[in-house]
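**Student:** Have a look at this one.
A short reminder: the numbers here are calculations on the coordinates, not readings from a lab. Predicted model, so just to flag it, every value in this text is computed and none were measured. Cβ: placed from backbone, ideal geometry, glycine included. Neighbour counts: every protein chain shown.
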Amino acid sequence: MPDFAQLARAFLDEEYAQSPSGASSLGLIEYDDQLEDLSEAAFLRRSQRTDDWLGDFGSLDAASLNFDEMIDRDLAIASLHRRGIFDGWEAWRRHPDTYLNPGLRGVFGLFLHRLRPEEELVAAAAARLRAVPQNLEDGKRNLRDELVPAILLDRAVNQAHAGARYARELLPAEVTDGALRSQLAEAGAVAATAYEAYAVFLDEMRPRATGDWAFGEDRYSRILRDAELLDLDARALRERGRQQVEELSGELRRCARELRSTDDWHAVLLELNEDHPTTPEEMRVGYEDWTAKARAFLVERELVTFPEGEVCTVEPSPPFQRPVIAVASYQNPPASAPSMHGQFFVPFPPDGARPEEIAKRLESNSYPSIPSTSVHEAYPGHHWHLSRAKLNPSHLRQWLGTSYFSEGWALYSERMMREQGFFTDLRHRMFQYEATLFRAARIVADTSLHMGEMTWDEAVVYMMENSSLTEPTAKAEVTRYCSWPTQASAYLTGCLEIVRIRDRFLSARGASTDDTEHLRDFHNALVSSGDLPIALAERAVMAAV
């Protein structure tokens, strides 16, 4: 057997070759002109390799590993368990966006980070764009009518049309040199034509698409236990979600009584939503202002330690993402590049959206709700976490991770900032409670959907009743849950586990949350460990006590 370092290196080399767009996102520029192989043979081969790597990592002699290598080994095993469970479900036969994402994100990321001279950048992007038709042809061959859920078709069709416009019209504007712009436009036209043809293919599939999006209770529970290393199954998690819905609804009733002398928190939130930006750019500026305020608060209170050179800009969401994601998002700086620049993407409406759709999108990003989202996405949420985690020397931890930690940390950040007095306006605190209630409702909806005990329509109604979501946003949310099993439960599940670990850490030091020095030590130690399953993060942070 090779030693751990050799095994990890061999594993990562294979991973990068199989996912070149992912490798590029780390800043590994040697993969920039390649695109994923999405053929049936490639998916079957990767599934077999998952089993092989599980055997290799599992057979390592624990006595030969140091503390950090043990965590890395267990991270690899947990991640491979997750992959194996999804391999068995064959999402690549079910989800049309499987074949859209590598090309769109792979090209967008090149120009987002600009790690190469423009001539090399354009050449790499053009190579990827010319490989897009092959990806989409693979999709046409691989997707199965009896497995594709009809509700996922609209999402993919809209994304394909947005991708066509991005490749044909918007992407060439990324360069100023005329010859390079022509080269990019020519390759973009090839990709755009393929995206449009793929949209037609998906439209024609509608009468035949009879697939079920439910992941299944057993798979869901195995993800929780074997991949996330949680002592929960799907039903126990749903019960936790229901308990949190009840508790958080009580907090919202208390806020509503204080603010408007009523128990109807939902009506108060709807009223507060009326105070919203009137244009997408006003929305962006609102997020930018509160991002700066959150960072200044952290500096003043010394609640975290900032990595040198980190910066977070607040920008419109990518055009091809707008039909798919109706909420804010974040893109971290490449792990293998010196840049510490992250992007907080504000959810602009899709191109061509009707005025009433734009108004609903803006309403879902009201001024009272913007502070908590800014904390979640930027400071000390995703941006601060991932900028600091980037400094961890483990290459495995830069490649592998889980949203149960990353999203759990971001929601914990909202809670911690509320506890520390950042949200001085009751309206802002109310929306932070609502943001947490929304994540509790996600747990209930996601588990129920994938156990086959809630319909799509019922989930939309449930989310609207337990949040301030407008109907279009609720529909987009539920469709996202159907296409990404188990992820929607990550936020509050991870947050509650981080609170538990914090209490244990501070107790071991004889400290409380009022003790800034020890609280800062906890924050720094936890996020510096990477993006680990909660049990591994706990093991890492408690070693710092």
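**Student:** Need one number: nm distance between label points at Glu471 and Glu274, each 7 Å from Cα along Cα→Cβ, rounded to one decimal.
**Tutor:** So the label points at Glu471 and Glu274 sit 1.9 nm apart.
**Student:** In whole angstrom, note down how far apart the Cα centers of region 495-538 and region 192-253 are.
**Tutor:** The two parts, judged by their Cα centres, are 29 Å apart.
**Student:** Here's something else I'd like to know. Hey, quick one: spin label on Ala197, modelled 7 Å out along Cα-Cβ, who in region 36-66 has an amide N within reach, i.e. under 19 Å?
**Tutor:** 36-40
**Student:** Rounded to the nearest 0.05, what FRET efficiency do Ala41 and Ser261 give with R0 = 51 Å and r taken as the Cβ-Cβ distance? Could you check?
**Tutor:** Between Ala41 and Ser261 the formula returns 0.20.
**Student:** If a/c stays under 1.5 just call it rounded; otherwise compare a/b with b/c (prolate if a/b is bigger, oblate if not). Do that for region 234-542, with a ≥ b ≥ c from the square roots of the Cα gyration tensor eigenvalues.
**Tutor:** Cα axes put region 234-542 in the rounded bin.
**Student:** Here is a further query. Roughly how many nanometres apart are two label points built 7 Å out from the Cα toward the Cβ at Asp514 and Gln48?
**Tutor:** Taking the simple label geometry, Asp514 and Gln48 are separated by 6.4 nm.
**Student:** Among DSSP beta bridges whose residues both lie in the chain, state the antiparallel percentage, nearest 5.
**Tutor:** Antiparallel bridges make up about 35 percent of those DSSP assigns within the chain.
**Student:** Let me ask something else about it. Give me the Kirkwood hydrodynamic radius of region 389-489 in Å, from all C-alpha pairs, to one decimal place?
**Tutor:** Hydrodynamic radius (Kirkwood, Cα only) of region 389-489 equals 15.2 Å.
**Student:** Given points 7 Å out from each Cα along the Cα-Cβ axis, report the Glu458 to Glu90 separation in nanometres with one decimal.
**Tutor:** Using points 7 Å along Cα→Cβ, the separation is 2.8 nm.
**Student:** At 0.36 nm per residue, and after removing the present C-alpha to C-alpha distance, how many nm does the segment from Ala544 to Glu246 gain when stretched out fully?
**Tutor:** 103.7 nm
**Student:** Considering the alpha-carbon set of region 451-545 alone, what are its Rg and its Dmax in angstrom?
**Tutor:** Rg then Dmax for region 451-545, in Å: 18.1, 49.
**Student:** Still on this structure, I have one more. Test of understanding: ordering Leu110, Leu506 by Cβ neighbours within 10 Å, fewest first, what list do you get?
**Tutor:** Numbers: Leu110 24, Leu506 19.
By the 10 Å Cβ count, ascending: Leu506, Leu110.
**Student:** On to the next question. Filter the chymotrypsin sites (Phe, Trp or Tyr not before Pro) in region 142-213 down to the DSSP loop ones having no more than 16 other Cβ atoms within 10 Å, then list what survives.
**Tutor:** Filter output for region 142-213: empty list.
**Student:** Relative to the present Cα-Cα distance, how much length would full extension add between Asp61 and Ile151 at 0.36 nm per residue of separation?
**Tutor:** Stretched out fully, the Asp61 to Ile151 stretch lengthens by 27.7 nm.
**Student:** Please work out the C-alpha center-to-center distance from region 1-77 to region 404-441 and express it in whole Å.
**Tutor:** 35 Å
**Student:** Mind checking which lysines have their Cα closer than 25 Å to the Cα of Lys475? Skip sequence neighbours fewer than 8 apart in that chain.
**Tutor:** Within reach: Lys360.
**Student:** Give, rounded to the nearest 20 debye, the magnitude of the charge dipole that region 455-545 has about its Cα centre when Lys and Arg contribute +1 at Cβ and Asp and Glu contribute -1 at Cβ.
**Tutor:** Roughly 320 debye, rounded to the nearest 20.
**Student:** Here's another thing I want to ask about it. How are the C-alpha pair distances of the chain spread across 20 Å bins, as whole percents from the shortest bin up?
**Tutor:** With a bin width of 20 Å, the distribution comes to 21, 59, 20, 0.
**Student:** Using the Cα centre of the chain as the reference point, and only Cβ charges (+1 on K/R, -1 on D/E), how large is the resulting charge dipole? Debye, rounded to the nearest 20.
**Tutor:** For the chain, the charge dipole is close to 260 debye.
**Student:** Give the residues of region 281-305 whose amide nitrogen is closer than 14 Å to a point set 7 Å from the Cα of Asn524 in the direction of its Cβ.
**Tutor:** In region 281-305, the label zone of Asn524 (backbone N under 14 Å from the point 7 Å along Cα→Cβ) covers 299, 302-305.
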